[in-house]
Structures are given as structure tokens and as C-alpha cells.
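Readers should treat all values here as calculations from the given coordinates under stated rules, not as data from a laboratory. In this text, all values refer to a predicted model and were calculated from it rather than measured experimentally. Note that each Cβ is placed from the backbone with ideal geometry, even for glycine, and that neighbours are counted across all protein chains shown.
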Amino acid sequence: MPVIAVIDYDMGNLHSVCKGLEKAGATPKITHCAKDLAKADAVILPGVGAFDPAMQNLRSRGLEQPIKEVIASGKPFLGICLGLQILFESSAEGTQRGLGIVRGKVRRFRPEPGITIPHMGWNQLEITQPRSILWEHLPSSPWVYFVHSYYVEPTDPQIRAATVTHGTQNITSAIAHENLMAVQFHPEKSSNIGLQILSNFVAQVREQVAA
């Protein structure tokens, strides 16, 4: 089974992610060691919480450059929730620099009548990259689980793999470009749809290992 490093920086629900990966047929390895990221077949960056503590924790563990090197190497990489946001340059939530791997910023939802902030619960994805491996074997508008008050706004709209609508605001809910994928929702909390998304990621890892 492929070994997938799950980055531990005190900002993620690691147990749920690992359980989902095991069901998808992978061997997860929770780690904050750069050497483990280099050795693994793929890497997942989960995240729950605030932008600034996340970046501070990554930098204090010396993980900023190893993450950039892993992505540059072509190894499959998946960010989840906060793990999507910190790939960007900056956030309205804080003052720390993001990883800057993806150009763009993290914005806060605009208050408007009839919507709640945070955006919490089940919502339907609007797929914008139907050929992305993330969406294989899924219905055209799958339901997934969200918990967030901030969303990413990529400079290049072509990297959007899916959007979601909350109130009148249609925002990016997933990105995909070559080996880099990231989602705003929680696949590990999204029942069978989420498990299929993790299985699709694991399948890509298997293909790359076998190549």
C-alpha cells in the first residue's frame, strides 16, 4: 500500500484523515519530520483553526521549505480546509505570510441576510474541472461537508476544480493543478463522497508509484 505522510503541526483532525486513508487503501504516517515527507509516496496537509497559528507552527517545525520541495518534485499533494488556505500568499484572517505556493488571497465571507458565518454543514459542489481525478466516480453535483469562515480567491481562475455557493457568494471550494490538489471542505467528514475523493487521490498515488 502507498505510504502517505500526514503533516502534524497541531492544527488538524489527524485521526479522521488517517482513518479515511486506511479505508481508501493507503498507509498513513503522521509526521512533522521533513525526511518523512521526502520518503512518502504522497503528502496530505490537513488543517483546522486559524491562519496565523498554522503558519507559525509550520515555520517553527521547519516545514515551510520541505512542503514547497515536495510539491515542486511532482509528488501528489492534497491540502484539506486550512491546509488549502495556507497554500496561498496571505489571509484576511491574520498577518502572517502564507506559503505562497498558489497566487491569491484568503477572504472572509461577506455578511448578508439569510446566511450563517461560518459556512457550516452540507453543501453541493459545482465542478469546474470535470476531468480532475478528484471527482472520478462521483455524481455531477456531490454533497460535501464544510466548516469555514474564510475562502480562497486564486489569481488564476483556471486552477479552480470546484466552487460552492453560500448565499449569493460563489467561491472556490477546490483547486487542482498537476500534482497539487486542495479542498476547502472536509472529505474525512463527507461520508461516502468524501471516502471516494480520498480513494481517487490514493489511486493517483498508486499510479505514480507504479510508473
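Observations on the structure shown:
- Listed residues 69, 126, 153, most fluctuating in the chain (Gaussian network, C-alpha, under 10 Å): 69
- Extension gain from residue 59 to residue 108, taking 0.36 nm per residue of separation minus the Cα-Cα distance: 15.2 nm
- Candidates 198, 138, 99: whichever shows maximal mean-square fluctuation once the chain is modelled as a Gaussian network with Cα springs under 10 Å: 138
- In region 143-211, inverting the average of 1/r over every pair of distinct C-alpha atoms gives 13.2 Å as the Kirkwood radius.
- Comparing 156, 52, 41 in a Gaussian network model of the chain, where Cα atoms under 10 Å apart are tied by springs, the biggest mean-square fluctuation is seen for 156.
- Residue 35-residue 15 FRET efficiency (beta carbon distance; Förster radius 25 Å; 0.05 resolution): 0.60
- Mean residue ellipticity, 222 nm, helices only, the chain: the sum of -39500 (n - 2.57) across DSSP H runs of n ≥ 4, divided by residue count and rounded to 500, is -8000 deg cm²/dmol.
- FRET efficiency, residue 170 to residue 191 (Cβ-Cβ, R0 25 Å, nearest 0.05): 0.55
- Anisotropy class of the chain from Cα gyration tensor, a/c 1.5 cut: oblate
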